[in-house]
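Novice: One structure coming up, written as structure tokens, with questions to follow.
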Number of protein chains: 2
Amino acid sequence: MPEYKAPLRDIRFAMQELLDFDGHYQRLPGAEDASMDMVDAILEEAGKFASQVLSPLNQTGDQGCRLGESGVETPEGFKEAYARYIEGGWPSLAQAQAFGGQGLPDSLATIVAEINGSANWSWTMYPGLSHGAMATLMTHATEALRDRYLPPLVEGRWTGTMCLTEPQAGSDLALLRTRAEPNEDGSYSISGTKIFISAGEHDMAENILHIVLARLPDAPAGNKGISLFLVPRFAVNDDGSLGEANSLGCGSLEHKMGIHGNATCVMNFDGARGFLLGEPNRGLACMFTFMNNARLFIAQQGICHAELSYQGALAYAKDRLQMRSLRGVAAPEKSADPIIVHADVRRMLLTQKAFAEGGRAFSYLCAQLVDLAHGAEDQAERQRAQERLALLIPIAKGFLTEAGVEAASLGIQVFGGHGYIAEWGMEQILRDARIAPIYEGTNGIQALDLLGRKVNGSKGALQRGFADEVQAFIESERNNAELAELIVELERQLQRWNSLTGQLITEIGADPAQLGAAAFDYMMYSGYTVLAYIWALSAVKAQQALAAGSTETAFYGAKLSTARFYFRRILPRNEGLAATLLDSANTLLDLPEDAF
Amino acid sequence: MPEYKAPLRDIRFAMQELLDFDGHYQRLPGAEDASMDMVDAILEEAGKFASQVLSPLNQTGDQGCRLGESGVETPEGFKEAYARYIEGGWPSLAQAQAFGGQGLPDSLATIVAEINGSANWSWTMYPGLSHGAMATLMTHATEALRDRYLPPLVEGRWTGTMCLTEPQAGSDLALLRTRAEPNEDGSYSISGTKIFISAGEHDMAENILHIVLARLPDAPAGNKGISLFLVPRFAVNDDGSLGEANSLGCGSLEHKMGIHGNATCVMNFDGARGFLLGEPNRGLACMFTFMNNARLFIAQQGICHAELSYQGALAYAKDRLQMRSLRGVAAPEKSADPIIVHADVRRMLLTQKAFAEGGRAFSYLCAQLVDLAHGAEDQAERQRAQERLALLIPIAKGFLTEAGVEAASLGIQVFGGHGYIAEWGMEQILRDARIAPIYEGTNGIQALDLLGRKVNGSKGALQRGFADEVQAFIESERNNAELAELIVELERQLQRWNSLTGQLITEIGADPAQLGAAAFDYMMYSGYTVLAYIWALSAVKAQQALAAGSTETAFYGAKLSTARFYFRRILPRNEGLAATLLDSANTLLDLPEDAF
């Protein structure tokens, strides 16, 4: 298994040089303390924790969880690592000071999660799920519930889950059947079966708070009859101590392709006592308030696995000797050349690198917008950030998780036969990565959200808003002769994105099926275009640093080389997508079901 | 796990309607008995065996092999299935009558292997490896060796392996270290360690014949000092009975991502007694005589997994209810519509179908050429078939195994969260499929073989020969108005393939590194183009059948729909590849190793 080392230099490049997180934190109310020195120190500590504590547990964690007599047991070492995580104060990093948090910006926690997640995704999901529960309670719980349940969650002594899916209700939550019956004391009795509940039960925390979607007795059918509930594993007494076990439990653990270290539970609620969050029948809307954060977390999974697989493949490619360079012997003192001399191996490594680094910056752009959407002083700026996020989150989740799977598969290929052998750890990365295009809304659902609710729903305004920002960047680099190849191509792609967007809106107006037919390819086209912007921006910043006399010539040179690689070797995929996304829905829908 | 059902109608379409196997067998010396009635009967039996015996063992076989005290134990039921396979006479189907075979054409055994392999790839590898050993012995063994070792192999009582790879020698066999010391009796003592030996040891057969690459004491270094040996697990006495165990054995079993039912062994040879095959130092050349068959077998793996995953995903898509069709409610009597109504689900299903069916016909085209390359009466026809195969085999192996992985991954996605759960069997298909781009020459090696040895090595002649055949088809359909969309586009793609080929040959002449830089994308471009030819041909044959009044309107209609889908939705990927494969090698090679 590759030993993960946090790419702190690249993280700093994305934060400081590309996205001016320094200025961002200075302007963000409450984040003024987050100086870049402090950020660097925190990320360095996070990197140490990830390398020293989490990374060694990644491969052993693949042996999976166990449902024992006293409940779910996580893999050896997970519990101890989590105890150290609490000791280090990590769960509370970006939580409100009123509930024991440190009040640092949310984006910083996002970047810490990336570092942890690269080292050990299965483990990182446990605190990751808590994050969603905290956001839900903070926004939708009554003051009394917040006071009782939030502090231990912020501290990390308790963890959280999100209980949405049921056997018959996956992408289609309208089909939910779990019931919530009101009790006389104002609480509710929750009954039903939830599946695919990540971190649903484990031995790492004293209590687990389940956020559960269920229907009230008089609820209308469909999406508009779903309410949100807090259902603790153990009752919590008035003094905060734990009472008796609630009527719920893990019925079984799923056997999965990967992320074996995370307990994916079938959760049975059998009249479990819970508390309403938000308004009755407004549960889905409440969920959506932190959907962006949850989806960004999964978008990061793509980067995490691309980065980890890249680190493994790069080390192997420098070490493994097979055949000679086509331009002549490179290492005459060795029996063969290291395979990194071969162009085809570099094609694979550079693809991983372009996705990992470009994806990282893309996700930080989103994380910055999350900060602003919740916390910008100015309402107009909050609004603008929300609109930008509405567009970018489904692109990030869909595109970056596809890229993560591709990168993980390439990492196997660089290793040849050894990549297929468990011992080397490369195949685990693909198995772990493969869930990301599925959960937290399949990529098909992301694509519908992007093209349907966001792009078509705004009559193109959300896409235009972002495209204008990219266009402004292009204008600013109009006379950059050295990088003209990139800037000119970026503009061509951008303008085609604009025009494809307009055409699709027209087509969807004429036939709603065009939405479903074009959505996935439109999402991928959008992703490649956003990443082109990121890489052009990276090239410009690298060029400026070198012009300013930086001695980090290898680092900035690699940025320029990878940007050119991305434009010449990856971005041309848009040529095919531009054709397919305009194709008629009839190509897909004409074939009768029985003729398949 | 999907229950596999052999797609006999589609197999018949590919064999009889697309590729005229009837006429082919009539003209092939020794194959005249293989009437289409007989072929149909054999394939129907094969389909039953695959469905009833092999398919039920596919998922249980995923639990893997065990190295016990008495050697490697295969999963429960594998041994019994193999006994039935022998009883049915399957191993000898296409082997020479002189050694107990049935003398049927090799292509028929290839198609039977596809049927078995779709039901259970891990199991099918055991007889698959024997096939390579039989071909080697038939061509390169002395008469005495053949008489002693071939009949039990043909009968299936013994199986074979191919022992090539060593820890330091994977793609680069020049680095082989296994030694062969001559004994006084004319035999050799083989010593060394081989890794990744599929079917290296198991409990299904009485004896195992290892075909081993090793170096003689006076051999020159590199590829030209490698010889080929037959090394039996148990000595064989003059009367054919088994003698003592040879000095060799399975040191350990590899833990792999998939194909768990097949034993992948580390094989230790410790002065094991073996026999020279062919001339000293000509071992690699001997291996190459049946390389085409071996690579075609792996190309089929892509089709097998595409087909199996398609069958699973299709059944699920008809059954699973989620959301409503964008064109309006399709199944008002149900709580939601079956997901096959959704365009994005159909995009995935049709991609699988286009790869499975198109790939099937592509592989049968190759299988027919294998028949001709070895057995055509006319020397010129043998030569022509060999040239065609030289071009098509690396395309088939590389392209179809990439397509198999993509199709298997799409099958998971159609299932959503359930696709990631082991119980449903869809994730196993991806794990099993992922080895195919690696073994039997990685796809990077296939690409170098295609563009380097074959295309550039023939100064383009091999590509031109096949392209002329496609062009002749285009000319014959020049006035086919109904299918003009396909024919015109096929011609555009073909002519661009021709011109890209010419440009690449020029560029490689100027800089040999262009070979490595372009090879993979050239292979993929070639694959998409070959499949476009297959699908255009399929559409024409379907059109003719319908015009002739066939009542199979659903079957032929699906062929036409899938052909159009392929041209409109898959083939545009060539637009990106046409750009990237002409990109300068410097984009990949400029970045210094330390700057990665």
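Novice: Within segment A:483-497, work out how many residues are under 27 Å from B:His342 (Cβ atoms) and either surrounded by fewer than 19 Cβ atoms within 10 Å (Cβ to Cβ) or in contact with a strand residue (DSSP E or B) (Cβ under 7 Å, 6 or more places away or on another chain) (or both).
Specialist: Narrowing segment A:483-497 to residues under 27 Å from B:His342 (Cβ atoms): A:496-497.
Now narrow it down to the ones that are either surrounded by fewer than 19 Cβ atoms within 10 Å (Cβ to Cβ) or in contact with a strand residue (DSSP E or B) (Cβ under 7 Å, 6 or more places away or on another chain) (or both): A:496.
Counting residues in segment A:483-497 that are under 27 Å from B:His342 (Cβ atoms) and either surrounded by fewer than 19 Cβ atoms within 10 Å (Cβ to Cβ) or in contact with a strand residue (DSSP E or B) (Cβ under 7 Å, 6 or more places away or on another chain) (or both) gives 1.
Novice: For the structure I just gave you, tell me whether B:Asp511 is more than 27 Å from B:Ser561 (Cα to Cα), out of contact with any helix residue (DSSP H, G or I) (no Cβ under 6 Å at 6 or more places or on another chain), surrounded by fewer than 17 Cβ atoms within 10 Å (Cβ to Cβ) and of a type in the set (D, E, K, R).
Specialist: Values: more than 27 Å from B:Ser561 (Cα to Cα): yes; out of contact with any helix residue (DSSP H, G or I) (no Cβ under 6 Å at 6 or more places or on another chain): yes; surrounded by fewer than 17 Cβ atoms within 10 Å (Cβ to Cβ): yes; of a type in the set (D, E, K, R): yes.
Criteria met by B:Asp511.
Novice: Of the conditions (1) within 14 Å of chain A (Cβ to nearest Cβ); (2) among the hydrophobic types (A, V, I, L, M, F, W, C); (3) crowded, with 18+ Cβ neighbours inside 10 Å, B:Ala219 fails just one. Which one is it?
Specialist: The single condition B:Ala219 does not satisfy is (1).
Novice: Report whether or not A:Ala380 is in a helix (DSSP H, G or I), more than 10 Å from chain B (Cβ to nearest Cβ) and open to solvent by 10 Å² or more (accessible area, probe 1.4 Å). Please lay out each step first, then the result.
Specialist: Working: in a helix (DSSP H, G or I): yes; more than 10 Å from chain B (Cβ to nearest Cβ): yes; open to solvent by 10 Å² or more (accessible area, probe 1.4 Å): yes.
So A:Ala380 fits the description; yes.
Residues are listed down the side, and each one gets a yes or a no for (1) surrounded by fewer than 22 Cβ atoms within 10 Å (Cβ to Cβ); (2) closer than 18 Å to B:Leu365 by Cβ; (3) touching a Ser or Thr at 6+ places or on another chain (Cβ under 7 Å); (4) not assigned by TED's automatic domain parsing to the domain that holds B:Gly509:
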residue	(1), (2), (3), (4)
B:Arg388	yes, yes, no, yes
B:Leu392	no, yes, no, yes
B:Ser409	no, no, no, yes
B:Phe415	no, no, no, yes
B:Ile421	yes, no, no, yes
B:Gln471	yes, yes, no, no
B:Ile474	yes, yes, no, no
B:Ala481	yes, no, no, no
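Novice: For segment A:182-209, enumerate the residues that are closer than 30 Å to A:Ile259 by Cα and free of Cβ contacts under 8 Å to residues at least 60 places away in the same chain.
Specialist: Here is the first cut: in segment A:182-209, the residues closer than 30 Å to A:Ile259 by Cα are A:190-209.
Result: A:Glu206, A:Asn207, A:Ile208.
Novice: Quick check on B:Leu372: is it farther than 30 Å from A:Ala221 by Cα, within 14 Å of chain A (Cβ to nearest Cβ) and open to solvent by less than 30 Å² (accessible area, probe 1.4 Å)? Break it down into steps so the answer makes sense when it comes.
Specialist: Numbers: farther than 30 Å from A:Ala221 by Cα: yes; within 14 Å of chain A (Cβ to nearest Cβ): no; open to solvent by less than 30 Å² (accessible area, probe 1.4 Å): yes.
Criteria not met by B:Leu372.
Novice: Let me ask something else. Mind listing whichever residues of segment A:412-433 are more than 10 Å from chain B (Cβ to nearest Cβ) and under 20 Å from the mean Cα position of the chain (by Cα)?
Specialist: Within segment A:412-433, A:Ile429, A:Asp432, A:Ala433 qualify.
Novice: Can you go through B:Gly274, B:Gly200 and tell me which one is over 28 Å from the mean Cα position of the chain (by Cα) and surrounded by 20 or more Cβ atoms within 10 Å (Cβ to Cβ)?
Specialist: Numbers: B:Gly200 fails: over 28 Å from the mean Cα position of the chain (by Cα).
Going through B:Gly274, B:Gly200 in turn, the sole match is B:Gly274.
Novice: For segment B:385-395, does any single residue satisfy the condition of being within 14 Å of chain A (Cβ to nearest Cβ) and in contact (Cβ under 8 Å) with a residue 12 or more places away in the chain? If you could, list the steps in order and put the result at the bottom.
Specialist: Step one: list which residues in segment B:385-395 are within 14 Å of chain A (Cβ to nearest Cβ), which gives B:394.
Those left that are additionally in contact (Cβ under 8 Å) with a residue 12 or more places away in the chain: B:394.
Within segment B:385-395 (the criterion being within 14 Å of chain A (Cβ to nearest Cβ) and in contact (Cβ under 8 Å) with a residue 12 or more places away in the chain), the answer is yes, since at least one residue qualifies.
Novice: With the requirement that a residue be open to solvent by 20 Å² or more (accessible area, probe 1.4 Å) and within 14 Å of chain B (Cβ to nearest Cβ), what does segment A:434-456 give you?
Specialist: Of the residues in segment A:434-456, the ones open to solvent by 20 Å² or more (accessible area, probe 1.4 Å) are A:439-442, A:445, A:448, A:453-454, A:456.
Within segment A:434-456, A:Tyr439, A:Glu440, A:Gly441, A:Thr442, A:Ile445, A:Leu448, A:Arg453, A:Asn456 meet the criteria.
Novice: With the structure loaded, tell me whether B:Met134 is surrounded by 21 or more Cβ atoms within 10 Å (Cβ to Cβ) and under 18 Å from B:Ala98 (Cα atoms) or whether it fails that test.
Specialist: yes
For (1) surrounded by fewer than 16 Cβ atoms within 10 Å (Cβ to Cβ); (2) of a type in the set (Gly, Ala, Ser), each residue gets a yes or a no:
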residue: A:Leu19; (1), (2): no, no
residue: A:Asp33; (1), (2): yes, no
residue: A:Ala50; (1), (2): no, yes
residue: A:Val53; (1), (2): no, no
residue: A:Asn58; (1), (2): no, no
residue: A:Arg66; (1), (2): yes, no
residue: A:Glu69; (1), (2): yes, no
residue: A:Glu73; (1), (2): no, no
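Novice: Being under 30 Å from A:Gly100 (Cβ atoms), touching a strand residue (DSSP E or B) at 6+ places or on another chain (Cβ under 9 Å) and within 14 Å of another protein chain (Cβ to nearest Cβ): is that true of A:Ile190 here? Even if it seems obvious, please write down each step before you answer.
Specialist: Working: under 30 Å from A:Gly100 (Cβ atoms): yes; touching a strand residue (DSSP E or B) at 6+ places or on another chain (Cβ under 9 Å): yes; within 14 Å of another protein chain (Cβ to nearest Cβ): no.
No: the conditions fail for A:Ile190.
Novice: Within segment B:154-239, which strands (runs of 3 or more DSSP E) (wholly inside it) include 2 or more residues that are over 15 Å from B:Gly271 (Cα atoms)?
Specialist: Values: elements: B:158-163, B:179-182, B:188-198, B:207-214, B:227-232, B:234-236.
It comes to B:158-163, B:188-198, B:207-214, B:227-232.
Novice: Considering only segment A:308-358, how many residues are facing chain B (nearest Cβ under 7 Å), small (Gly, Ala, Ser) and open to solvent by 20 Å² or more (accessible area, probe 1.4 Å)?
Specialist: 1
Novice: Next up: Surrounded by fewer than 24 Cβ atoms within 10 Å (Cβ to Cβ), under 22 Å from B:Gln322 (Cα atoms) and more than 9 Å from chain B (Cβ to nearest Cβ): is that true of A:Lys459 in this structure? Walk me through it before giving the result.
Specialist: Working: surrounded by fewer than 24 Cβ atoms within 10 Å (Cβ to Cβ): yes; under 22 Å from B:Gln322 (Cα atoms): no; more than 9 Å from chain B (Cβ to nearest Cβ): yes.
No, not satisfied.
Novice: Here's something else I'd like to know. List the number of the failed condition for A:Asp172; all other conditions in (1) within 14 Å of chain B (Cβ to nearest Cβ); (2) in contact (Cβ under 8 Å) with a residue 12 or more places away in the chain hold.
Specialist: With (1) within 14 Å of chain B (Cβ to nearest Cβ); (2) in contact (Cβ under 8 Å) with a residue 12 or more places away in the chain applied to A:Asp172, the lone miss is (2).
Novice: Looking only at segment A:574-596, count how many residues are of a type in the set (A, V, I, L, M, F, W, C) and free of Cβ contacts under 8 Å to residues at least 60 places away in the same chain. Before you say what the answer is, go through the steps one by one.
Specialist: At the first step, the residues of segment A:574-596 found to be of a type in the set (A, V, I, L, M, F, W, C) are A:577-579, A:581-582, A:585, A:588-589, A:591, A:595-596.
Going one step further and asking which of them are free of Cβ contacts under 8 Å to residues at least 60 places away in the same chain, we end up with A:577, A:579, A:591, A:595-596.
Total satisfying the criteria: 5.
Novice: Of the residues in segment A:141-185, how many are open to solvent by 40 Å² or more (accessible area, probe 1.4 Å), under 15 Å from A:Gly278 (Cβ atoms) and not basic (Lys, Arg)?
Specialist: The qualifying residues number 3.
Novice: Working only within segment A:533-573, note down all residues that are open to solvent by 20 Å² or more (accessible area, probe 1.4 Å), within 13 Å of A:Leu18 (Cβ to Cβ) and without any contact (Cβ under 8 Å) to a residue 24 or more places away in the chain.
Specialist: Residue satisfying the conditions is A:Gln544 alone.
Novice: Hey, another quick one. Testing B:Leu228 on (1) within 16 Å of B:Leu67 (Cα to Cα); (2) in contact with a Cys (Cβ under 6 Å, 6 or more places away or on another chain), one condition comes back false. Which one is that?
Specialist: The one condition B:Leu228 does not meet is (1).
Novice: Taking segment A:37-47, which residues are open to solvent by 20 Å² or more (accessible area, probe 1.4 Å) and either acidic (Asp, Glu) or touching a helix residue (DSSP H, G or I) at 6+ places or on another chain (Cβ under 6 Å) (or both)? Give the derivation first.
Specialist: Here is the first cut: in segment A:37-47, the ones open to solvent by 20 Å² or more (accessible area, probe 1.4 Å) are A:37-38, A:40-42, A:44-45.
Correct list: A:Asp37, A:Asp40, A:Glu44, A:Glu45.
Novice: For the condition of a type in the set (Gly, Ala, Ser), under 27 Å from B:Ile508 (Cβ atoms) and outside any loop (DSSP other than H, G, I, E, B), what is the one hit in A:Ala317, A:Ala306, A:Ala367?
Specialist: Numbers: A:Ala306 fails: under 27 Å from B:Ile508 (Cβ atoms); A:Ala367 fails: under 27 Å from B:Ile508 (Cβ atoms).
Of A:Ala317, A:Ala306, A:Ala367, the one residue that is of a type in the set (Gly, Ala, Ser), under 27 Å from B:Ile508 (Cβ atoms) and outside any loop (DSSP other than H, G, I, E, B) is A:Ala317.
Novice: Just checking, how many residues over segment B:254-271 are within 30 Å of B:Ala433 (Cβ to Cβ) and open to solvent by less than 30 Å² (accessible area, probe 1.4 Å)?
Specialist: Residues that pass the stated criteria total 11.
Novice: Then there's this: So, in segment B:108-126, exactly how many residues are within 17 Å of B:Thr161 (Cα to Cα) and among the β-branched types (Val, Ile, Thr)? Steps first, answer last, please.
Specialist: Initial filter on segment B:108-126 (within 17 Å of B:Thr161 (Cα to Cα)): B:113, B:121-126.
If we keep only those that are among the β-branched types (Val, Ile, Thr) as well, we get B:124.
Result for segment B:108-126: 1.
Novice: Please give the number of the condition B:Thr74 fails out of (1) at pLDDT 95 or above; (2) under 25 Å from B:Cys366 (Cβ atoms); (3) of a type in the set (S, T, N, Q).
Specialist: Single failed check for B:Thr74: (2).
Novice: Among the residues that make up segment A:393-401, is at least one of them part of a helix (DSSP H, G or I), modelled with pLDDT of 95 or more and of a type in the set (D, E, K, R)?
Specialist: First, the residues of segment A:393-401 that are part of a helix (DSSP H, G or I): A:393-401.
Add one more test, that the residue is modelled with pLDDT of 95 or more, and what stays is A:393-401.
Within this subset, residues satisfying the condition of being of a type in the set (D, E, K, R) are A:397.
Scanning segment A:393-401, I find at least one residue that is part of a helix (DSSP H, G or I), modelled with pLDDT of 95 or more and of a type in the set (D, E, K, R), so the answer is yes.
The values are calculated or read from the model by the stated rules, or taken from the named source; none is laboratory data. Predicted, not measured: the structure shown is a model, and the values here were computed from it. FYI the Cβ positions are ideal-geometry reconstructions off the backbone, even for glycines, and counts take in every protein chain you see. Heads up: the accessible areas ignore ligands, DNA and RNA and are worked out on the full protein's heavy atoms, side chains in. Shrake-Rupley method; radii C 1.70, N 1.55, O 1.52, S 1.80 Å.
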